[in-house]
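Please treat every number below as a calculation from the coordinates, not as lab data. As the structure is a prediction and not an experimental result, all values here were calculated from the model. Virtual Cβ from ideal backbone geometry, glycine too; neighbours counted across all protein chains shown.
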Amino acid sequence: MENNNNIPIDDLTEEFVVNIGPQHPSTHGVLRLQATLDGETIKDLLPVLGYIHRGIEKMTESLGYKQSIYLTSRMDYLSAHINNQACSLAIEKGMQIEVPERAKAIRIIMAELQRLTSHELWWGSCAMDLGAVTPFFLAFRDRERILDIFEGNTGNRLTMNYITPGGVMFDVLPNFASSIKELLVKVKEHLKEYEELITGNVIFQHRLKGVGILPRELAISMGCTGPVARASGISCDVRKYHPYDGYDKLDFKEIVIDGCDSWARYKVRMEEMKQSIHIIEQLIHNIPEGEFRAKVKGVIKLPVGEYYQRVETARGELGVYIVSDGGNKPYRMKFRAASFSNLGALKPITVGAKIGDLMASMATIDLVIPDIDR
Amino acid sequence: MKSLFQYLKEVFLGFYSLWTGLKLTLYYFTHPRKEIITEQYPENRTTTINIPERFAGEVILPHDENNKHKCTACTLCEMACPNGSIKIISVQEESEDGKKKRVLDKWIYNLGMCTFCGQCIDACPQDAIIMKNSFELSVYNRNDLVKTLNKPGSKLKEKE
């Protein structure tokens, strides 16, 4: 009988390709990751896209400017308000109209509430990816309350189409300020519970600390933005560097942590939730009175030219680039989505690591698949 | 000796953090009535369900008691709709003093193609159409999704 002990261990192993997704419970969507494994070690990782490609950029060329906005809610569906805002701001730049102060305040409140819902959902799903189910249900409590406010004021829960060129669709309800004040008290209480339940947990920390290290140089060369880049020590908050809709008048901190690992990415998002609450608190006590929408023509026509607007979504920088030929439809509309660039960092940070850590890295990068494919 | 101490410390910390987390879970386990957001749908559909007034549901063309609506068949809603779910069919009608006038014949709404974005409501200069906050819109036959919103024999409401 042959004795295997004499053969070197490298010759015994064999590379094996595992398809993670497109329908996998821990990938949040239809992203397929083709992982080449050697035992438990990842040798190569290939993200395969295209399962939810809808051609949104091409669709905008046959729709008008106003009609294109509803499509942007369907890109990064967890930052629908912020996407609408980005598209509206780009169109407003072309039309050169001034947005009323009241509309600006409502826009920022809505955008920050949206960031809060997005990070809360991420917190729940991140913990669920690592094996804890309870946080998912706890996170949905607050999210549900915020979505109720969205539903009452904008008419929709997920794909709002509320922010339009010139302002917002309708004025907020009279009880808007009081309901948000009530909500923020609860959210602050619950944030403490989140810290208690997950942040302090040693098992959770061990799963994240030192896992998925994304060095500063790599993050820059991959074009990472948002919490992913800020956890690698890059200061890149669009709200600070290219303020829009009056973010320059508000007092908030940009969270930059020089940890580079999954744990730093976790910490950045937890701190950002507190900053979002801080921003809303500054505005909610005195929303300016007046018009909520500037007068805009029924059919929008932009002058010939190129317009670019960037905003900070919950996942990073969203850029809207419009080329106009003077007609009532855009010649080209390009979206620079944050998740697409952040996905690029997934391969370099996971190759060489164990497959169990792949989920931790993916969870903290916080991918939204429709944002990648568009 | 030092490493052993470190190891034991970590074990102790692990149990402590586990306890703080489980304490919260136990608290909610023993206080099941606290902060329930779960809706008992469909049991509550006639009682406690709360659908906001602004909820973007089905588009309707309200008629008053004299079977009159406000639609002037200007087709702005048709142009504003991103999915082509609205079709307005109008006819030329001659009034008594010989003036030709465009009158609404059929206001066709394809619910199956509607994404409830509210652009048509926004575009309407007469406020003739509104979004009802109904949400149970499923039907058995696909053809039932194509609706004619103006009632038979309905007329345009004259301005006071």
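Observations
- Centre-to-centre separation between the Cα atoms of the range A:34-78 and those of the range B:10-77: 28 Å.
- For A:Leu45, residues with placed amide H under 5 Å, excluding near neighbours: A:Thr36
- Unpaired Cys in the protein assembly as shown, meaning no second Cys C-beta under 4.7 Å: A:Cys87, A:Cys126, A:Cys224, A:Cys236, A:Cys260, B:Cys71, B:Cys74, B:Cys81, B:Cys114, B:Cys117, B:Cys124.
- Set A:Lys181/A:Lys209; A:Lys188/B:Lys23; A:Lys181/A:Lys249 screened for pairs whose C-alpha atoms are more than 28 Å apart: A:Lys181/A:Lys209
- The range A:221-365, Rg to Rh (Cα coordinates; Rh as Kirkwood inverse mean 1/r): 1.06
- Ellipsoid fit via the Cα gyration tensor, the range A:265-347: semi-axes of 31, 26, 7 Å, each the root of five times an eigenvalue, largest first.
- Sites matching trypsin sites (Lys or Arg not before Pro) across the range B:127-160 that sit in DSSP coil, with at most 12 neighbouring C-beta atoms within 10 Å: B:Lys159
- Whole-number D in µm²/s for the range A:54-373 (Stokes-Einstein; Kirkwood sum over Cα pairs; 20 °C, 1.002 mPa s): 107 µm²/s
- Too-long pairs where the Cα-Cα distance tops 32 Å, listed order kept, from A:Lys93/A:Lys347; A:Lys253/A:Lys295; A:Lys329/B:Lys147; A:Lys297/B:Lys101; A:Lys104/B:Lys68: A:Lys93/A:Lys347; A:Lys253/A:Lys295; A:Lys104/B:Lys68
- Rg followed by Dmax, in Å, when chain B is reduced to its Cα trace: 28.9, 109
- When the chymotrypsin sites (Phe, Trp or Tyr not before Pro) in the range A:313-374 are filtered for DSSP coil states and for at most 16 other beta-carbon atoms within 10 Å of their beta-carbon, the remaining sites are A:Tyr331.
- Within the protein assembly as shown, the percentage of alpha carbon pairs spaced more than 30 angstrom apart rounds to 57%.
- For the range A:155-223, GluC sites (Glu not before Pro) meeting the loop criterion (DSSP other than H, G, I, E, B) and having at most 13 other Cβ atoms within 10 Å: none.
- Between helix B:2-30 and chain B there is an angle of about 40 degrees, using the helix long axis and the longest principal axis of the Cα atoms.
- Out-of-range pairs (alpha-carbon distance over 32 Å; input A:Lys58/B:Lys155; A:Lys354/B:Lys9; A:Lys354/B:Lys34): A:Lys58/B:Lys155; A:Lys354/B:Lys34
- Exposed-site-free run, longest, chain B (rule: chymotrypsin sites (Phe, Trp or Tyr not before Pro); DSSP loop; at most 14 other C-beta within 10 Å): B:1-134
- Relative contact order of chain A, taken over Cα pairs closer than 8 Å and 6 or more residues apart, is 25 percent.
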